[in-house]
Amino acid sequence: MKKGLSHKEKRKEYTFNKLKELGQGIVADVEQKKVPSLKIPSRGTGNIVYDDAKKYYVLGDRYGRRSLGNVKQIRKMGQMVFTANFCKDLVQREKTATIREMYYVSEGWGVEFNTQQESNTVGEDLEVALGTTREDLGLMPEEDGASVYGDLTLLDDDVELNAKKSGKSGYTISPTIDQVEFLDCGVERVLAVETMGMFHRLVQENAYDRFNTLVVGLKGQAARATRRFIKRLNTELNLPVYICNDGDPWGFHIAQVIISGSAKLAHVNYDLATPNAQFIGVTASDIINYDLPTDPLKDIDVLRLKELSKDPRYQTDFWQTEIKKMLKIGKKAEQQSFSKYGLEYIVDTYFPHKLGIEE
């Protein structure tokens, strides 16, 4: 790889070369009169392992082989080659396409996808086979990006902007976040919140200045681009990350996916997980200590909490204690429940306490 390349250029060159190698490997097989085949790491549950040292899920060493010598695999391999060629063109021309657009483009391939899920699966097969990401391949999701507010200056598509001067909704995280450069940063930490309601509350109460923080509104389960953005802030700018979610098993899981990644994306967790991020969301202890308004746990909540208690990502004393306590009290609470004490209470009292900040 050439020296002096930007972060964006390095990722583009790496991905382009990987796509070329895939095609060259198939051509070499044909020239040597071998049956072309592709080696693909298994994404089955038996090959997904939680790495205690890295603190996120990774793929094991099991592989499968997709071959033109197997009649049942011919169509799938054809789809994968066409998809790789499509992505090579996107990367070369510095263009992107949504995964939905690729689904429709395949109509002209002769080995078109029957369903969107089939298209998504082949895209995932390609990224795991190449050791790259869907976004680097030029394939984008349909979902909107999360919102960011605070003193961070970025260069996005040759446009310089500051997330504190982009209106009250802040900067919207781009699906191509790895092509965005961080130019300047005037904050000390990142505070990510589950709901946009809490995001707007923090902006209205000037939490970005009071806590010298970058506020990220996750919009529920964080999209891949959002998780990558948070990871980059942590590793490239050395910003500590704090996550505040609702006090229920679903809020716990949203936070934990940011911290330790997901099993489904074990092949790209190295790019998405932020293992040293801290959960400062609503806990069972908070429900008791702050006497918060609550809802009773439903049967599905209880079942999910019991599942989390066995999950390798929740084996610390903190998580085990809070899960058991929540099961014992049989209650859950939202972030907004602090409004019992006034709209400003969560910013004036709760967050300073959780962040260890004396205003």
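The values are calculated or read from the model by the stated rules, or taken from the named source; none is laboratory data. Since we're looking at a predicted model, the values are computed, not measured. Neighbour counts are summed over all protein chains in view; Cβ atoms, including those assigned to glycine, are modelled from backbone coordinates with ideal geometry.
Here K54 does not qualify as of a type in the set (D, E, K, R), modelled with pLDDT of 90 or more, under 19 Å from L130 (Cβ atoms) and surrounded by 12 or more Cβ atoms within 10 Å (Cβ to Cβ).
Across segment 267-290, the qualifying residues are those that are of a type in the set (S, T, N, Q) and surrounded by fewer than 20 Cβ atoms within 10 Å (Cβ to Cβ), and the one among them that is farthest from L305 (Cα to Cα) is N276. Going by what's in this entry, would E307 be described as under 25 Å from the mean Cα position of the chain (by Cα), of a type in the set (D, E) and in the same structural domain as T283 (by TED's automatic domain parsing)? Here the answer is yes, as E307 does meet what is asked. Close contacts from segment 244-256, counting a first residue that is touching a residue at least 12 places away in the same chain (Cβ under 8 Å) and a second that is of a type in the set (K, R) and part of a helix (DSSP H, G or I), with Cβ to Cβ under 6 Å and a gap of 6+ residues or different chains, come to P249/R304; Q256/R313. Scoring V111 on the criteria (1) under 25 Å from N269 (Cβ atoms); (2) among the hydrophobic types (A, V, I, L, M, F, W, C); (3) part of a loop (DSSP other than H, G, I, E, B); (4) touching a residue at least 12 places away in the same chain (Cβ under 8 Å) leaves a single failure, condition (1).
Only one entry in V58, V81 is closer than 29 Å to A273 by Cα, in contact (Cβ under 8 Å) with a residue 24 or more places away in the chain and not hydroxyl-bearing (S, T, Y), namely V58. Number of residues in segment 191-210 that are surrounded by 21 or more Cβ atoms within 10 Å (Cβ to Cβ), in contact (Cβ under 8 Å) with a residue 60 or more places away in the chain and not small (G, A, S): the value is 6. Just a yes or no: is a residue in segment 255-266 over 16 Å from G281 (Cβ atoms), touching an Asp or Glu at 6+ places or on another chain (Cβ under 7 Å) and surrounded by fewer than 20 Cβ atoms within 10 Å (Cβ to Cβ)? Checked against the condition, which is being over 16 Å from G281 (Cβ atoms), touching an Asp or Glu at 6+ places or on another chain (Cβ under 7 Å) and surrounded by fewer than 20 Cβ atoms within 10 Å (Cβ to Cβ), segment 255-266 yields no hits at all. Quick one: in segment 82-112, which of the residues that are of a type in the set (V, I, T) and crowded, with 19+ Cβ neighbours inside 10 Å is farthest from I40 (Cα to Cα)? Restricting to residues being of a type in the set (V, I, T) and crowded, with 19+ Cβ neighbours inside 10 Å, the top hit is V91. Only one entry in D136, D178, D184, D157 is within 18 Å of the chain's Cα centre (by Cα) and farther than 20 Å from I258 by Cβ, namely D136.
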